[in-house]
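Please treat every number below as a calculation from the coordinates, not as lab data. What you see is a predicted model; the values in this text were computed from it and never measured. No Cβ is skipped: glycine too gets one built from the backbone with ideal geometry, and neighbour counts run over all protein chains shown.
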Amino acid sequence: MGDIYRLSYLTLYALSSPDCGHGMLGQRHGLASAEMPSLNNANSLEKTRAHVFRTAPLCQRAWALQERLLSPRLLYYSDGETFWECLVHTAREGNHRIIPHKPTPYRYESYECPQVRIQLVKPLEDNPSFPVSIPSDWQIIVSEYSRCRLTYRSDKLPALSGLASMYRRNTGYTYVAGMWTENLADELLWFCPLEQDYQPQNVEGKSTLVSEPSWSWISTDLAVRFKALGNTTGKWMTDFELIQLTGTDQAADDDIPYVLTIRAYFYRVSLQISRASRSCILLDGTGCEKLGRGVLDVPGGLSIVPRSCAAIVVRRKLQIGQRSMFQPLPYMTYLLLVVPAPDAQGEERWRRIGLAWTTRSLTSAPEKSLIRLV
């Protein structure tokens, strides 16, 4: 699927079509007109473009994301005007300017990621220096993809397969459950932003055909983002060791459940859960001392989340800033919140329920524990 779009000459994109029963040449809601922005208002048209793409029905469909990110040339048909996009520049019918592509940092609010797209589409050199696509590119792809909608939950991995194949081509990484083992430390730091709790969920139908490891972002119907994405200041350290990762991404008779086995520091903690919210406060095991904050993965129905759980240290970040010589190093520590989930044989396993973070110095665990996450 990835090469079908990547090797195409031109992709026509029915931006405003709500479903397959509508075409791209419908009646317009007003005619586009070329505007001449003043120097003080030079960005107004680009904000309008972001609004068009943010509200366009096709940009909200998960299956359509790979068509957009893997096509070298796109002609978008909206109900107001047409847009052009290639690897060199963008243009729109209602604007006299042709805007050349300039590398810019990714902004979640823009609904665009041209830098990621360029790396996925362009042919590899004869002797490429891997990885061609940087690790954060996949976090951007997942951030864009997870806020789109699917009719069937079972499509969550298939609708991403074209992008995954191109990313594998560019990196040589190992793909399991929507994540890459070579960048697992950063990708485990996914969370579901709280502001979407009162918005429609991203899956219109329910299915149990897809394996759903709690430690992967594919386990939730909500949009996800990553704590490490764009968080480039400071020094990051990984505090766990990957022992084994098993599972299969294709539904088959010999389908193997996903199990992530790591060796990491393990703490008993408590949660103070905000009423009618996934926001929580991280407390020590006695429930008396505040350690930090967190966000739960479970949307609504928070009664199923226990107030006592465990926390696994995944990453630490050395904060950049001034401190006195008598103060400890300012670390931000990120932890997976987990609860017991033993298998049928009684083997100890754990299920993720959220992500937490703290600047407090945690009491050192005696040694790292072997932990199996499902």
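Which FRET efficiency value, to the nearest 0.05, do you get for ILE320 and ILE134 by plugging their Cβ-Cβ distance into 1/(1 + (r/R0)^6) with R0 = 25 Å?
Once the sixth-power term is evaluated, E becomes 0.75.
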Between ARG149 and ARG307, the FRET efficiency computed from the C-beta separation at R0 = 41 Å comes out, to the nearest 0.05, as 0.80
Output row, site LYS102, 7 Å Cα→C-beta label point, backbone N cut-off 15 Å, window the range 115-137, residues 115
Which of LYS227/LYS290; LYS102/LYS122; LYS102/LYS317; LYS122/LYS235 exceed 23 Å between C-alpha atoms? The answer is LYS102/LYS317; LYS122/LYS235
Evaluated at 4 °C and 1.567 mPa s, the Stokes-Einstein D of the range 335-374 based on the Kirkwood radius over Cα pairs, in µm²/s, stands at 109 µm²/s
Length gained if ASN231 through GLU347 is fully extended, taking 0.36 nm per residue and subtracting the Cα-Cα distance, is 38.1 nm
Checking rank on 54-61, 227-234, with mean other Cβ inside 10 Å and highest first, the result is 54-61, 227-234
For the ASP284, SER161 Cβ pair and Förster radius 45 Å, calculated FRET efficiency rounded to 0.05 is 0.55
Length gained if ASP197 through ARG28 is fully extended, taking 0.36 nm per residue and subtracting the Cα-Cα distance, is 57.5 nm
